[in-house]
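The next block holds one structure in the form of structure tokens; read it before the comments.
The values are calculated or read from the model by the stated rules, or taken from the named source; none is laboratory data. Quick caveat: nothing in here was measured; it's all calculated off a predicted structure. Here Cβ is always computed from backbone atoms with ideal geometry, including for glycine, and neighbour counts include all displayed protein chains. Surface accessibility is based on the protein's heavy atoms, side chains included, excluding ligands, DNA and RNA. Shrake-Rupley method; radii C 1.70, N 1.55, O 1.52, S 1.80 Å.
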Amino acid sequence: PGPQLPFDSEKKTIVVLGSGWGATSLLKTLDTSEYNVIVISPKNFFLFTPLLPSVAVGTVSPRSIIQSTRYLTRHKTRQVSVIEAEATDVDALNKTVTFTDNSEIKGLVSSTTIPYDYLVYAVGAEVQTFNIPGVKEHACFMKELHDAERLQRAFMDCVETAAFPTQSTAEVDRLLHMIVVGGGPTGVELSGELHDFLEDDLKMWYPELAAKIRITLVEALPSVLPSFSKQLISYTESTFKESKIDILTKTMVKEVKENSVVLQMPDKSIVEVPCGLVVWAAGNKSRALTQKLMAQLPSDQTNKRGIVVDDHLRMNGTNGSIFAIGDCTATSYAPTAQVASQQGSYLARCFHELAKTEKLSAKAAEIEQALTTTSSGDEKKKLEDSLASVLKKLKNQKLRPFHYSHQGSLAYIGSEKAIADLPFMDGNIATGGVATYLFWRSAYLSTLFSLRNRTLVATDWLKVKLFGRDVSRD
Ligand code: FAD
Ligand code: NAD
């Protein structure tokens, strides 16, 4: 009854959890002729996160930066099963995954458990709130597509509410004060995009209000963008100063209230700042599912940051049955799309090699079996020769450890300026400005998932250049 999963009992089953950077990169390269492949994710699409801040202000439309996972899997040699569901439990001992359809519409069956031979765990991370009061209730996040859409609506709501007749000056000032928490790349890029929206569009549509809009970026550390070179940090700070984006460093958000944020200032004093909108971009933490999985292996999985893997991305303590990639892992690499996608394609090559090894081992076992039954000397010699050749090939089958190749860091900082830290020879080139912005645009355009995405994003950019961003609120 109902659709069955593509299954060949001769082949091993790989279950992939997630449809983000890591999982998608794996699926792109994986040779599905070797395995039964099942993908489970609550989102049936891939999201190109680097352009998410652009969606939040309407520079790019939401649909332009997503691509259905089925678009990728339909071209595979053997059918891949794509299931829109959330994994709710992984049993590392019995090698099973339980998943549930958590969408609005449910059938009679909405939860089931399936076995796997290999699990690729690529569920990413969730927003870190540090349990700071009011964050979940009152702040907007910048992690998923719906976060960006929600932010766009909330931002315009603040502006329209400020335009309401007889609004007091203090209330207008509050409504038009946007606070971005977290001076990492997400917070910086979003602040830059908000500034562009203000300069390019709001000044024209809301001339009486635009001058009152304030953007404040709050960062607990002594500087924004700690992972970028000093020169680019200063460049970003001076660009923000010119753009009238206030940066408050060494300042920690202690509470988010409905109409204000509570800040601990560098001198430890507590200040409550009225605001219309708070965007929370203060980093990530492990998902509850990841913590639950790690708790099954208490002696091997002790890192609070995430799953510990070996050089071949095998989750410690699972005998090579679970591979973990991307933001759900605790490695020496930064949790970036670059790392996750390189890990995904590495894993696809690993699976190819694993399939080869398994085929060779089966062949060797077959010859060994034949050797026990043959009595002819010639036949025996032939079998021994071919066994030696198979064993030699098996010996040469080596899985190289994962090696990350850093292609550089890029970030958009608004005002048609971007910054880039690019590896060059044994050193680094730090560059910022309008030329870097053009490089940023072309780099992202070329890394987008498909020709469809590239065309849509390029068209969005052109539309904004010609007609400006849309200020209507749906
Ligand atoms: P994700 O891409 O987050 O994918 C996780 C997947 O798992 C998703 O499909 C999710 O739906 C699915 N999932 C979640 N829960 C479950 C479950 N229970 N069961 C099954 N599936 C589940 N990095 C860069 O290198 N460059 C950038 O410019 C850049 N810009 C960024 C901008 C923003 C706004 C953000 C938020 C991040 C940015 N990053 C960037 C970081 C990058 O997006 C992440 O490092 C990357 O997404 C990690 O890939 P991943 O596959 O581990 O996780
Ligand atoms: P992040 O962890 O890099 O930065 C979060 C910042 O928030 C930190 O600097 C932290 O000090 C600050 N913070 C935390 N709690 C705070 C509080 N209570 N008050 C004030 N400040 C607080 O997070 P991110 O920017 O979302 O980035 C996540 C990952 O995604 C990183 O690895 C990043 O490199 C990657 N990313 C890359 C790009 C890019 O390359 N363009 C863009 C976005 C994200």
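Summarising the strand pairing of the chain, around 55 percent of its internal DSSP beta bridges are antiparallel. Report, in degrees rounded to the nearest 10, the 0 to 90 angle that the Cα long axis of helix 337-373 makes with the longest principal axis of the chain. In the chain, helix 337-373 runs at an angle near 10 degrees to the longest axis. Rounded to a whole number, what % of the accessible area of segment 200-324 do carbon and sulfur atoms account for, probe 1.4 Å? About 52 percent, which is the carbon plus sulfur part of the accessible surface.
Once every Cα of segment 165-211 carries one equal point scatterer and solvent is ignored, give the base-10 log of I(q)/I(0) from the Debye formula at q = 0.13, 0.18, 0.21 Å⁻¹, two decimals. Each listed q maps to, in turn, -0.37, -0.66, -0.81. Using a probe of 1.4 angstrom and keeping all protein chains present, the accessible surface of segment 1-106 works out to 44 square angstrom per residue. In this structure segment 298-394 gives 54 Å² per residue of accessible area when probed at 1.4 Å with all protein chains present. The largest-to-smallest principal axis extents of the Cα set in segment 315-398 are 61, 22, 15 Å. Can you give me the Cα centroid spacing of segment 173-213 and segment 52-105 in angstrom? If we compute the Cα centre of each part, the gap is 32 Å. For segment 29-95, the fraction of C-alpha pairs more than 15 angstrom apart is 64%. Normalised by the number of residues in the chain, the average gap of Cα pairs under 8 Å and 6 or more apart makes the relative contact order 18 percent. Relative to the longest principal axis of the Cα atoms of the chain, the long axis of helix 185-197 makes an angle of roughly 40 degrees.
In this Cβ point-charge picture (+1 for Lys and Arg, -1 for Asp and Glu), the chain has a dipole of about 1040 debye about its Cα centre. Our Cα-only numbers for segment 114-183 put the radius of gyration and Dmax at 18.5, 66 Å. Computed from backbone phi, the HN-Hα couplings of segment 154-160 come to 5, 4, 5, 4, 4, 5, 5 Hz, rounded to whole numbers (Karplus: 6.51 cos²θ - 1.76 cosθ + 1.60, θ = phi - 60°; Gly and Pro given as x). For segment 72-163, applying the loop criterion from DSSP together with a ceiling of 12 other beta carbons within 10 Å to the trypsin sites (Lys or Arg not before Pro) yields Arg74, Lys106.
Rounded to whole numbers, the Karplus 3J(HN,Hα) couplings from phi for segment 452-460 are 4, 4, 4, 5, 5, 5, 4, 5, 4 Hz, using 6.51 cos²θ - 1.76 cosθ + 1.60 with θ = phi - 60°, and x at Gly and Pro.
With the simple model of a label 7 Å out from the Cα in the direction of the Cβ, Ala211 to Ser321 spans 6.9 nm. For segment 215-256, the solvent-accessible area works out to 51 Å² per residue, with a probe of 1.4 Å and every protein chain left in place. Each listed q (0.07 Å⁻¹) maps to a log10 I(q)/I(0) for the chain from the Debye sum over equal C-alpha point scatterers, namely -0.44. Partners of Lys393 within straight-line reach, counting aspartates and glutamates whose Cα lies under 15 Å from its Cα and excluding those fewer than 8 residues away in the same chain: Glu353, Glu358, Glu384, Asp385.
Carbon-plus-sulfur accessible fraction, segment 50-196 (probe radius 1.4 Å, protein heavy atoms only): 52%. In the chain, the DSSP-assigned H stretches of four residues or longer account for a calculated mean residue ellipticity at 222 nm of -11500 deg cm²/dmol, using -39500 (n - 2.57) per stretch and the full residue count as denominator.
Rolling a 1.4 angstrom probe over segment 369-438 with all protein chains present gives an accessible area of which 55% lies on carbon and sulfur atoms. If a paramagnetic tag sat 7 Å from the Cα of Ile429 along the Cα-Cβ line, which residues of segment 439-474 would have the backbone N under 14 Å from that point? Residues 439-440 qualify, since their backbone N sits under 14 Å from the label point.
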